[in-house]
Structure formats: structure tokens, C-alpha cells
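Engineer: Please find one structure pasted underneath; my questions will follow.
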Amino acid sequence: MKSVRNWWRRKRSFTNELHEEISFHLDMRAQRNRESGMAGREAVQAAHRHFGNTTLIQEDMRRMHTNTFLESLVQDLRYAARGFVRSPVFTLTAVFAAALGIGASTAVFSVVDRILFRSLPYSQADHLVSVGMASPLDRNEFLFPEAYVPWRAYQKPFQAITSWTAGVAACDLSEINPVRLDCAKVEANFLPTFGITPFLGRNFTAAEDRPNAPRVAMLSYGLWQTRFGRNPNLVGKQIRLDGQPFTITGILPPSFEMPTLNHADLLIPQALSDTERNGRALRVFARLKDGVTLEQAEAAMQPLFQQSLKSVPAPFRNEMRLRIRSLRDRQIQDARLASWVLLAAVAAVLLIACANIANLLLARSLNRQREMAVRTALGAGRLRLIRQIITESLLLSVIGGIAGCAVASVLLRTFVGIAPDGIPRLAQAALDTRVLLVTFVGSLVCGLFFGLAPALQTPRAESLAGWRTTGTRRLLLRETLVAAQLAASLVLLTGAGMLLRSLWNLENISMGIETEHVVTAEFVLGKQAYSKPEQQLAFFEQLEPRLRQLGYLGPIALSDSLPPSGPSRSRPLAAIHVDGRPPLAEGSGGMVTWRFVTPGYFPTLGIPILHGRGFVEEDRASNENFVILSQSLAAKLFAHDDPLGKRIRTESPATVIGIARDVNIGDHTEPEYYVLRKHILDATFSNQMPPNGWRRASIAIRTPLNPKETSGWIRREVASIDPVLPVTIATMQERVSGLTQRPRFIAILLSLFAGMGILLAAIGIYGVMAFLVGQRAQEIGVRMALGATPAVIGKLILARAALWTLAGATIGLAGSLLATRTLGTLLFNVPPNDPATLAAATTLLLLISLGAAWIPSRKAASVDPMVALRHD
Amino acid sequence: MALAPDNLQGTLVLLILKTLTRGPNHGFGIALHIQTVSDSALRVEEGSLYPALHRLERDKLVAAEWKVTENSRRARYYKLTPAGHKWLAAAEENWTALAKGVNKVLRFA
């Protein structure tokens, strides 16, 4: 504060000194003049005349000392700020538009940046790939050990290849305060392949990564921090996991994350033996050699892949393909398209906002024409004026940017709140330095963009004379800008419309099950206590009667999986044999889902048995095996024959006793068959491979009671058998709506952006028309004086608005046809270039646009000719 | 935007600096001197004199201070700095060379 005051004082005294120096000169000259005989007054005047314009010269002198860039910038800024305060409506509108555009872009960018652009926390992450076999069983590629071992030995395209055992496993830190943790089993070269070095301690050695080696573990930074208080002496100590002692070799760095984005508290060696055949799936990652492309790597791996196919059971072979994709693609799964769509949508909103502000500035610059002309006449250089205008728009954009950050933080919180699960890295999205930097640069670029139009139209001094006549060219530019805004809004509207329609389609598919009044519960039995099929069966045998105790609730089902979501078992159609029919050709027909259910499954979910009968309790004691087919599977296996009574071979031979109606999952129908759960350890039960077996199970209960009570009751019953078993409860309706969560999220966001776009465009067209009315008030006055009715005048204005709206709509329609094509897989059952959506969006746009123009047209119609003509 | 000694625009500057070799002086004194010495052939444009003086001050070729004149008025006195002396020497040389050159051309034609 003191330095400011000093600066001010110095500035003041400097001005005084300039003045004193010049008046000394003038006095001396006047004295000379008097000495040479002039009269007193004349002498002074002559001195002044001789000297010239003192103000201008002082200004010149001042520039010699003070016209640093910074000082004139401060001057410009102060001038701009005063101007903004003087016209608050303009300023608020412009800041509102900028904040909306910048805020929306920042929020979306902060999410999308993590998905699309930001580098992954590994060294040279662009060289990292995920390698494996893709199959319909798993949306991610995997390898069995018998394939991985030779691949690792003979592969050529990679510098390094590593693996971890798919899926983090729950493990219990069995110490004083036992806690359940996530353990990931990784190969010894896992960290080096990703270029990660432990924060403390060391990685596993190859010797520790062998079966029966001494047990070791690495801790995540988070676990080390929360559980062990960042104890630096922890390395080398032992902890007990699932009752076994493990030596801690190292602590992972804080930035560590699993390449698959799973949460992991501990890494332990996966101890893969070269001869292992136990069926565990591996996730394999590799680092490409320099200069090797994905295609080259895939070609190089083909021979090994073909070799490995031989170890795949015959029915699955044709379903498998080799897949090598970048780590980023593996991580973001199918979020790429949606990310780009959202990014493009906010870019459109930002452009609309910029065009809007440019428009406002143009209107303002026309109002300031006189001021500018006066400043030019007083000697302001053209460049100086341009700089002033650019400074103003930059100031505006920076203010807008700051307000935009506030908008962005609100929007981001909203996005995260309404976002469905499974959007990669959403939890990490934040307005950090990088995002704010992009926002800042973005605002400046916007500022330059919308400042350019008015800046290039700074008037010359001559326009001081004829200042009222200019403006037609400028109006053309402004109307073009409005048309552009309308066009961009229409593209957003059609995009949002199509997504909404797709969402509506998705939500109104008949699932084929009755979702009301059904409560479901899912759980996975602990690995330790339920490793054997006998233990699993024993649990279910205890659970069933307990659930049925309260059977008045309604029908109850036990199954390994439930539609429409969650993991379920499947096998290739070709692996189902029908007695008395030739086996199907391999790889024809895709996958068939199957479920292991109790008789209550069909009544609980409301799936009607169309033909034959459902399961009954007595079947569970029978030595016979029974199976129920879904309609579509029956058609595939038996074509027109009657399947009832026929025998098919799946897990074990079984007789078909009924045909159930199809269940639609999402946007497609998967053929299914249902195997009956028995009370004994039959072939189906004991055939399932450890470690998973039948540990995963779901309960479904149809009950008129409120879901909260029912869920409490289910939890109590489960807890009475196994108090530590976690149970996930959801109503069937929640599970079904989970399917449409993602499309709903994207549709909501796009609708939001379309709303912003159309709001801004409406403000834009209102502004231009209101301005037009103001400009033409005199002309309107004349017209009215000559007998034009208010209706004619109103039409005149509306016609003008309609002309530009139509121009914008035409361009927007063309743009929509191009843009909505990119939505592709985001749409379900929406015809390309859906005419209904296009028509609806266009109508909405026309209505809003003409609505916005209607207000100024009313004003034009109410112009009082007397007032208008008296003006100026 | 420091001045180069071979800048022709520096003619006024040359005259100012030369005048100041006689000792510190104020703007009016400088103007008067140039006018008198050149027998009124050179009339200093006063509108450019003061900005030029201030530019010289900014470029540290002259230094300025407030002093009281003979008839006890405060005036801003300018005097040459060592840099100003050096600049002047170079500029004078340039000027002479230029004048010679121009003279030769004029005579030849």
C-alpha cells in the first residue's frame, strides 16, 4: 500500500515538474518578446503560439519516461473496468455467457482429460499394451498359464512381458485388528515392466515368485500410511495374511495404480509354475520394443496364438481371437466415444458463448463509436485503440474464466454425483493446475477471438461526422454470428434428442421379467471357509430353509446369477449336444448363458413357462437331471421339433422338461438354459472348478413388503449362518435401471449442454433484434408516420429474425446430419438421421428463436413515431 | 529505443549535446543558444526540444537537476554525462563524414 502511495506521489510531482519546466520556458520567451517590444498580453500569447500544444508536448515528454508496457496496461485495465461498471447489463450478460461456456468446458475437460489425454503413471506408457485372447466369456483379454508360459518364452515384439492373476482377491490381515484387504498376485517382473520402483525397500526377486517360496508382500502406500503409520522400519518385518506370515519387501510409490485400475492394498507373488494347469486366468501386459506398432506386434504373436489355441477346449476355439491393445484402451474400455462426444459438445457450447460475447462486444463498440472517434481525433493511434479493445475483451474473458471455474466446480460435483459406476478415473477428476491452466489459456484464446471482431472495426476520426450511418456491415456480421450460434445449438439439440430417444428405447424394452416387488441379494462365500464344494453346498442347504421360514413373503429363488447384470456362466452353443442329432459345427451360434437355480426362480422373476413345466421340489430329490430351455435356445437346438422329453448334454446329461420365455438383457436376447440345484452334491455341483466353484450366489425374493425390511431380514438370516459374509442388496428395478445408467448420464449431459447452447443463442438473437429495433427506431418512426401499422412493423422485425434463424437452422441441420453419425454405438434403435428427432429439434429451435425475437418486435411495434422522429 | 550516433534524426540531439558541452543549461537556454549561434538559420522547434531532452535523459546521455537561475527562478538544468560525451564524439565524427560525403556529391553533380 505504501509503495502504491509513493508511486502515486512520484507521479503527481512528476506532472508538476513537467508543467513547471514548460511554464519556465514560456515565461522566459514571453519576457524576451516583451524585451523586443511586444505588449504584455501579446508577448505571452506569442510565446504560447511559438511553443505549440503544451498538453500534447507534455504527453510526449511523459511518454519518454512512463510509457512502459505495464503502466499502459494498468491504464487500459482501469479504463476497461470503469467501462464495465458503467454498463452492468452488458457486463453481466457477457460474464454469464463466458462463465457458462468456460465452466462447462472445464468441467468436462477435467473428466475427459483423465480418460483421453493425461499420461498414465508409468514410464513411456505409450509402449505399454495389454495382450491376450479375447473371448465372449470376458470383455477383457486374458491368457491361461499354459499359453502364457510359451508366449513369454518365445515372443519377439516386446521388450518385456509380465502378468498378474486376474482379479484382486480378498485377503485378511489377521492381526490384532483384523481387516479385509485386496491382494493382487503379480509376477516378479511386474513393477519393472511398468517402470515402477518401490518407494521403500525392493521388488520381489524371481526366486520369491515360485511355488512354495518363502512368502513375501509389498504394501501400497495407502495401506502403509493408514495401517502402519508410515513406519520406515516396516520393510523386512512380517505381517500375517490369512493366517500365514509374509515378509514385507517394499512399499509401493503413492502414484502406483494397477494397470487394470483395480484397487490393491498388497502385491504378492503369483508364484506361477511353468507346468501349472489349474485354469486361473492371467492378465498379461507387455512393453513394445521401440518402433513396433500394435499391428506388427499382433502379426508377430499370431503363430504363438495359433499354437496356444490347441490347449483351448474345442468348443471354445472359434470364439477366441488374439487381442493386443494399448494400455489406455484397456483402461478406458468403451468410454472413448462418449468422451469425445462430450468434449465436442462442450466445445460447441464454448463456441456459442464466444460468438455470443463477440456479438455483445460488437453492439457495445457501435454504441462507443462516438467515444472512439473522439479519442482518435484527440490523437489516439489506431493500434492503441485496438489494444484497448483487446485488453477489454481479455479482461472480460479472464473474469468469465474465474466465474467459469466456480461453475465448473459445481458442474463437476454434479457430474460425479450423477455418474454411473465404471467411468474410468472419474473419482480422480479435479480442477487441478493442469486443468486450470488449460482453462486459463482457453479463456485468453476466447477473449482474443471475440475481441477481434470489434477491434478490427475501430472507427476513423472521419466517422465522427457521419457517425450514425455506419453499421450495416457490422449488423451482417452480428447476424451471421447469431446464425452460427443457432446452427451449433441445433447440432447439440439433435444429438441430445437422439440420445434421449435411444435412452427411451432402452428403458422401454420389455425385459421379459417382472421387476416390481423383487429384492435381490448377492454374496460371494469366503475362499478360506468354503473352498470345497461340500462346504458350499452345506451353506446353501442351511440358507434355503431359513429363507423359506418366512415364505409368506412370496416365492424365493437361489441362483448363481441373475439377469440383467453381473457375471454369469456361459458356454458355446456348439458345446451343447442333443441326443440323436449331429453335433453343431464348432464356432457357430455364439455363447449360451446358463444358470443354476432353485424351482422358485421362474415364479420369483415372473418368467412364464411357455411349454412343458417348471421345476418342482420333488425334482431336486430325483436321480434324473432336468433342464429348462429358453425359447430362443430351444429354437436354435431343435428348430421345429418338440424339445420336451429330449435329452441334451451340457454339464451332465439332462432331460428337457420345459421352455421358458426369453429374457432380454439390455438391447439383446441371449439364449439361456437353466439347471436345477439339488440337495445333493451332483455332477453339476462338483464339476465346477475351484477356486470359484459355486461361491458366488444370488437370492431373489418376490414380496409386497418394503424392500428395506426385506433386505434387513435377508442380512439377518445370512449373518446367522456366516456373520462375516458381506451381502449386496438391490431391488430388481435398481439392477435393471443400472443398465441404462450410462446412456442416461450421457444423455443428461448432452441435454444440459444443448440447453446451455440454446439459451445463449436465444440471448444472442434477442440482443441483435433489440439492437436492430433501437437502430431503426427512426426509420420505424417514419414508416409509422407514413401509415404502417404496428403489426406490419412487428412482422418486419420478425421476418428479419426468421431469415437468419432459417439460415442457422439449415446449416445446423446439415451439421446435425454429419455430427449425429458419429454417435454410432451410443445409439440404440434410433434410425440414422432420425427424422423425428431432427424435426423436433428444428421446431424447438425455431420456436425459441422466434420467441426471443418476438419481444423486440413488440417493442418495435410500440415505437411512438413522434418520439422516434424527435430523437437526435 | 536508444539513439544510435549515426541516426540522422539525431541532428537536433547533436545540436543539444553540442550546446551542453559549454556547460549545464536549461531548455530555453539551449534553444536560444542554437538560434543565436546559427545566426537564426536554425530555429529549434520547441515542441520537439523538450521531448528530445527527456528522451536524452531517459537514455542517460544527459542528466537533469533543478537549479535556481540568475533571476532566481527554478529551472531544470541539463548537463552532459560521460556517456553523452562519448555519444557526441561519435556523432560529430559521423556528421562530419556525412557532410563531407554530401558535399562531394553536390560538387560533382
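The values are calculated or read from the model by the stated rules, or taken from the named source; none is laboratory data. This is a predicted model, so every value here is computed, not measured. For neighbour counting, all protein chains shown are included, and Cβ atoms are generated from backbone atoms with ideal geometry for every residue, glycine included. These accessible areas exclude ligands, DNA and RNA; they are computed on the full protein's heavy atoms, side chains included. Shrake-Rupley method; radii C 1.70, N 1.55, O 1.52, S 1.80 Å.
Engineer: Can you name the condition, by its number, that B:Trp66 falls short on among (1) more than 12 Å from chain A (Cβ to nearest Cβ); (2) closer than 26 Å to A:Asn16 by Cα; (3) not in a helix (DSSP H, G or I)?
Structural biologist: Unmet condition: (1).
Engineer: Let me ask something additional. I'd like the full set of residues that are closer than 25 Å to A:Ala347 by Cα and at pLDDT below 85, limited to the range A:465-506. I'd like the intermediate steps shown before the answer.
Structural biologist: To start, the set of residues in the range A:465-506 that are closer than 25 Å to A:Ala347 by Cα comprises A:476-503.
Scanning the range A:465-506 gives A:Leu476, A:Leu477, A:Arg478, A:Glu479.
Engineer: Something else now. Could you please let me know if A:Ala81 is more than 14 Å from chain B (Cβ to nearest Cβ) and either in a helix (DSSP H, G or I) or farther than 30 Å from A:Gln388 by Cβ (or both)? Break it down into steps so the answer makes sense when it comes.
Structural biologist: Numbers: more than 14 Å from chain B (Cβ to nearest Cβ): yes; either in a helix (DSSP H, G or I) or farther than 30 Å from A:Gln388 by Cβ (or both): yes.
In short, yes.
Engineer: Separate question: Since B:Arg43 meets every condition but one in (1) within 14 Å of chain A (Cβ to nearest Cβ); (2) part of a helix (DSSP H, G or I), which condition does it not meet?
Structural biologist: Only one criterion is unmet by B:Arg43, namely (2).
Engineer: Need the failing condition index for A:Gln307 against (1) at pLDDT 90 or above; (2) over 30 Å from A:Leu444 (Cβ atoms); (3) surrounded by fewer than 19 Cβ atoms within 10 Å (Cβ to Cβ), just the number.
Structural biologist: A:Gln307 satisfies every listed condition except (1).
Engineer: Which condition does A:Leu116 not pass, out of (1) more than 30 Å from A:His19 (Cα to Cα); (2) modelled with pLDDT under 90; (3) over 28 Å from the mean Cα position of the chain (by Cα), if it passes all the others?
Structural biologist: Of everything listed in (1) more than 30 Å from A:His19 (Cα to Cα); (2) modelled with pLDDT under 90; (3) over 28 Å from the mean Cα position of the chain (by Cα), A:Leu116 misses just condition (3).
Engineer: Against the definition (away from every other protein chain (no Cβ under 14 Å) and modelled with pLDDT under 85), how does B:Ala109 come out, yes or no?
Structural biologist: yes
Engineer: Under 6 Å by Cβ, and 6 or more places apart or on different chains, what pairs join a residue from the range A:205-231 that is free of Cβ contacts under 8 Å to residues at least 12 places away in the same chain with one that is in a loop (DSSP other than H, G, I, E, B) and surrounded by 12 or more Cβ atoms within 10 Å (Cβ to Cβ)?
Structural biologist: As it stands, the answer is A:Phe228/A:Leu234, since those pairs meet every condition given.
Engineer: I want to confirm something. Restricting to the range A:337-380 and keeping residues that are in a helix (DSSP H, G or I) and charged (D, E, K, R), which single residue is surrounded by the fewest Cβ atoms within 10 Å (Cβ to Cβ)?
Structural biologist: A:Glu371
Engineer: Still on this structure: On the given criteria, is A:Arg328 open to solvent by 50 Å² or more (accessible area, probe 1.4 Å), within 35 Å of the chain's Cα centre (by Cα) and touching a residue at least 12 places away in the same chain (Cβ under 8 Å)?
Structural biologist: no
Engineer: Test A:Glu734 against the criterion of being over 41 Å from the mean Cα position of the chain (by Cα), surrounded by fewer than 23 Cβ atoms within 10 Å (Cβ to Cβ) and charged (D, E, K, R), and give yes or no. Steps first, answer last, please.
Structural biologist: Details: over 41 Å from the mean Cα position of the chain (by Cα): no; surrounded by fewer than 23 Cβ atoms within 10 Å (Cβ to Cβ): yes; charged (D, E, K, R): yes.
No.
Engineer: Among the residues of the range A:384-394, is any open to solvent by 20 Å² or more (accessible area, probe 1.4 Å) and at positive phi?
Structural biologist: no
Engineer: Go through A:Arg180, A:Arg152 for me and flag whichever is charged (D, E, K, R) and over 15 Å from A:Leu266 (Cα atoms).
Structural biologist: A:Arg152
Engineer: Open to solvent by less than 10 Å² (accessible area, probe 1.4 Å) and charged (D, E, K, R) - does that describe any residue in the range A:211-221?
Structural biologist: The answer is no; no qualifying residue exists.
Engineer: If you take the residues of the range A:507-551 that are among the hydrophobic types (A, V, I, L, M, F, W, C) and open to solvent by 30 Å² or more (accessible area, probe 1.4 Å), which of them is modelled with the highest pLDDT? Spell out the reasoning first.
Structural biologist: Start the filter on the range A:507-551 by keeping residues that are among the hydrophobic types (A, V, I, L, M, F, W, C), which leaves A:509, A:511, A:513, A:518-519, A:521, A:523-525, A:529, A:537-540, A:543, A:547, A:550.
Now restrict to residues that are open to solvent by 30 Å² or more (accessible area, probe 1.4 Å): A:509, A:524, A:529, A:538, A:550.
Details: A:Ile509: 75, A:Val524: 85, A:Ala529: 79, A:Ala538: 89, A:Leu550: 68.
Result: A:Ala538.
Engineer: Using the structure shown, decide if A:Arg63 is within 14 Å of another protein chain (Cβ to nearest Cβ) and either in contact (Cβ under 8 Å) with a residue 12 or more places away in the chain or assigned to a helix (DSSP H, G or I) (or both). I'd like the intermediate steps shown before the answer.
Structural biologist: Values: within 14 Å of another protein chain (Cβ to nearest Cβ): yes; either in contact (Cβ under 8 Å) with a residue 12 or more places away in the chain or assigned to a helix (DSSP H, G or I) (or both): yes.
Spelling it out, A:Arg63 is indeed within 14 Å of another protein chain (Cβ to nearest Cβ) and either in contact (Cβ under 8 Å) with a residue 12 or more places away in the chain or assigned to a helix (DSSP H, G or I) (or both).
Engineer: Separate question: Away from every other protein chain (no Cβ under 14 Å), open to solvent by 100 Å² or more (accessible area, probe 1.4 Å) and either at pLDDT 85 or above or part of a helix (DSSP H, G or I) (or both) - does that describe any residue in the range A:43-57?
Structural biologist: Initial filter on the range A:43-57 (away from every other protein chain (no Cβ under 14 Å)): A:43-45.
Now drop any that are not open to solvent by 100 Å² or more (accessible area, probe 1.4 Å), which leaves none.
No, the range A:43-57 contains no residue that is away from every other protein chain (no Cβ under 14 Å), open to solvent by 100 Å² or more (accessible area, probe 1.4 Å) and either at pLDDT 85 or above or part of a helix (DSSP H, G or I) (or both).
Engineer: Follow-up question, since we're still on this one. Go through A:Ser630, A:Ser561, A:Ser588 for me and flag whichever is modelled with pLDDT of 85 or more and either surrounded by 20 or more Cβ atoms within 10 Å (Cβ to Cβ) or touching a helix residue (DSSP H, G or I) at 6+ places or on another chain (Cβ under 9 Å) (or both).
Structural biologist: After applying the criteria, what remains is A:Ser630.
Engineer: Counting only residues that are part of a loop (DSSP other than H, G, I, E, B) and not hydrophobic (A, V, I, L, M, F, W, C), which one in the range A:100-123 is farthest from A:Pro198 (Cα to Cα)?
Structural biologist: A:Arg118
Engineer: A:Pro599 - would you say it is at pLDDT below 90 and assigned to a loop (DSSP other than H, G, I, E, B)?
Structural biologist: When the stated conditions are applied, A:Pro599 does not pass them.
Engineer: Please determine, by comparing only the residues of the range B:75-93 that are in contact with a helix residue (DSSP H, G or I) (Cβ under 7 Å, 6 or more places away or on another chain) and within 14 Å of chain A (Cβ to nearest Cβ), which one is nearest to B:Leu15 (Cα to Cα).
Structural biologist: Applying the filter and picking the extreme gives B:Tyr78.
Engineer: Mind telling me which of the residues A:Ser220, A:Ser311 ends up being touching a helix residue (DSSP H, G or I) at 6+ places or on another chain (Cβ under 7 Å) and polar (S, T, N, Q)?
Structural biologist: Selected residue: A:Ser311, the only one of A:Ser220, A:Ser311 that is touching a helix residue (DSSP H, G or I) at 6+ places or on another chain (Cβ under 7 Å) and polar (S, T, N, Q).
Engineer: Now for a separate question. Filter the range B:17-33 down to the residues that are away from chain A (no Cβ under 14 Å) and either in a helix (DSSP H, G or I) or of a type in the set (Ser, Thr, Tyr) (or both), then identify the one that is surrounded by the most Cβ atoms within 10 Å (Cβ to Cβ).
Structural biologist: B:Leu20
Engineer: Can I ask one more? Could we say that B:Leu49 is within 14 Å of another protein chain (Cβ to nearest Cβ), within 28 Å of A:Asn16 (Cβ to Cβ), in contact with a Gly (Cβ under 7 Å, 6 or more places away or on another chain) and part of a helix (DSSP H, G or I) here?
Structural biologist: yes
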